[in-house]
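Enquirer: This structure is in structure tokens; I'll ask about it shortly.
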Amino acid sequence: MKTHFKAVLPLTLAALLMAGCSGGKDDAPEQAENTASAEGAGHEDEEGEIDLTPAQIKTAGIEIVRVLRSGGGALTLPATIEGDPQGMQVVSAAIGGRVVTLTRNLGQSIGRGQALAVIESREAASLNAEIEAARARLSLSEANLRREQRLFDEKVSPEQDLITARTAATEARIALRLAQQQVAAAGGGGGNLNRIAIASPLSGQVVSRSVALGQTVASDAELFRVANLSKVAVTLALSSTDAGKVRPGSDIEIVSGDRKSIARIDFVSPILDETTRLATVIAVIDNRSGQWRVGEPVTASIRLAENAAGKSSVLVSLSAVQTVEGRPTVFVRTEHGFKATPVTLGSPSGDNVVVTSGLTGDEQVAGANSFTLKAELGKGEAEHGH
């Protein structure tokens, strides 16, 4: 049954609104009736229209939102902020020993190559001693090479002795570099022969520390985690159907409370996980402002590619949709208030739903508290005998 009705704001709600504006005086109902009548006098009646002034809309708490238009809609999923895989690294002990120095606490900054801790052990002493021995052998071999070169120039020593001296000096240099690289692989010099410094492999912040001063640690034990949080990431698991609508470079919106970031999809896996049969999608977010924390739950909305017909999709918030006379209806903002507009709905997309007919995508509609308009529309119909 169609509703041929033009609802001027009912006196019950109008009185409340006007009372709020006039401080609750006894003549508020009369003022509300006069105001409503004046508003309705300037235009012709239209089916399903409700007259409201901007002040009344604000007082009633009705949110006005713009209809969304997207290539193929939006896919909204819960997600978690993660560290950028290339900006997070575990720092472990290459050799076992006792921790004698800790230079950084949780949250403190560290530069690449700077020491995080110093370990004291016999193995460290052995590695450092090998450097000293290799350096001494090199010094001796170079002195011998200079002597053989001088004797060869004076035609006192044969060329074979000179070649042997050169070979020995070359081998000594190689041995010294090898000893130095072994110490570097273990962390670096710790000041004393029996100490090795554990250096940070990248610049960033210490986000985890699992060692205490004086603790004895085994080789390969995790000591720290260092993260460069200027970039963070979100990883999503999508069905094959949804993943087919996402492309590298697609926009993704990350939201948590009043914080928001726009990023782009960096990776869409061409392979489904064998267990979950889902595709991995990764987006990296600029976090130089430091507003995102690793492990924080967020909502991720991906703008999907256009549909097969190449047309854009129209979406409205689920809170904007009400059922009137058995049909999904949204209240479109008009010059004088709102007009109840029947729509045809498609698939939901997170907090939104696709509208396949009834809207063009250029409208503004009532969002939160739109149920108030539905109630007023019902009151008006009852008053007119529908």
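Enquirer: If amide hydrogens are placed 1.01 Å from N in the peptide plane, which non-local residues have theirs closer than 5 Å to the one on Ile95?
Expert: Amide H neighbours of Ile95: Asp220.
Enquirer: Across the stretch 248-263, in residue order, what do the Karplus-derived ³J(HN,Hα) couplings come to in whole Hz, using 6.51 cos²θ - 1.76 cosθ + 1.60 with θ = phi - 60° and x for Gly and Pro?
Expert: x, x, 4, 6, 9, 10, 10, 10, 8, x, 9, 9, 8, 9, 10, 9
Enquirer: Sticking with this one: Take the cross-link list Lys58/Lys260; Lys260/Lys339; Lys231/Lys260 and give me the ones stretching past 21 Å between alpha-carbons.
Expert: Lys58/Lys260; Lys260/Lys339
Enquirer: Here is a follow-up. Report the calculated FRET efficiency for Ser357 and Phe267 (r = Cβ-Cβ distance, R0 = 30 Å), to the nearest 0.05.
Expert: FRET efficiency, Ser357 to Phe267: 0.25.
Enquirer: Right, something else. Let me check I've understood the local charge: for Ile119, count other residues with C-beta under 12 angstrom from its C-beta, Lys and Arg +1, Asp and Glu -1. What total comes out?
Expert: After counting each charged neighbour, the total is +1.
Enquirer: Continuing with this model, one more query. How far is it, in nm, from the label point at Leu202 to the one at Thr344 when both lie 7 Å from their Cα along the line to the Cβ?
Expert: 5.1 nm
Enquirer: Could you derive backbone 3J(HN,Hα) for the stretch 230-236 from the dihedral phi with the Karplus parameters 6.51, -1.76 and 1.60 (θ = phi - 60°), listing whole Hz in sequence and x where the residue is Gly or Pro?
Expert: 5, 9, 10, 9, 10, 10, 10
Enquirer: What list of ³J(HN,Hα) values in whole Hz, one per residue of the stretch 123-134 in order, does the Karplus curve 6.51 cos²θ - 1.76 cosθ + 1.60 (θ = phi - 60°) give from phi, with Gly and Pro shown as x?
Expert: For the stretch 123-134, the Karplus curve yields 5, 4, 4, 5, 5, 5, 5, 5, 5, 4, 5, 5 Hz.
Enquirer: Given points 7 Å out from each Cα along the Cα-Cβ axis, report the Glu123 to Gln291 separation in nanometres with one decimal.
Expert: 4.6 nm
Enquirer: Give me the dipole magnitude in Debye, nearest 20, for the stretch 101-214 about the Cα centre, with unit charges on the beta carbon: positive for Lys and Arg, negative for Asp and Glu.
Expert: My answer is approximately 420 debye.
FYI, it's all coordinate maths here, none of it is from the lab. Please read all numbers here as calculations on a predicted model, not as lab measurements. Glycine also receives a Cβ, built like all others from the backbone with ideal geometry; neighbour counts cover every protein chain displayed.
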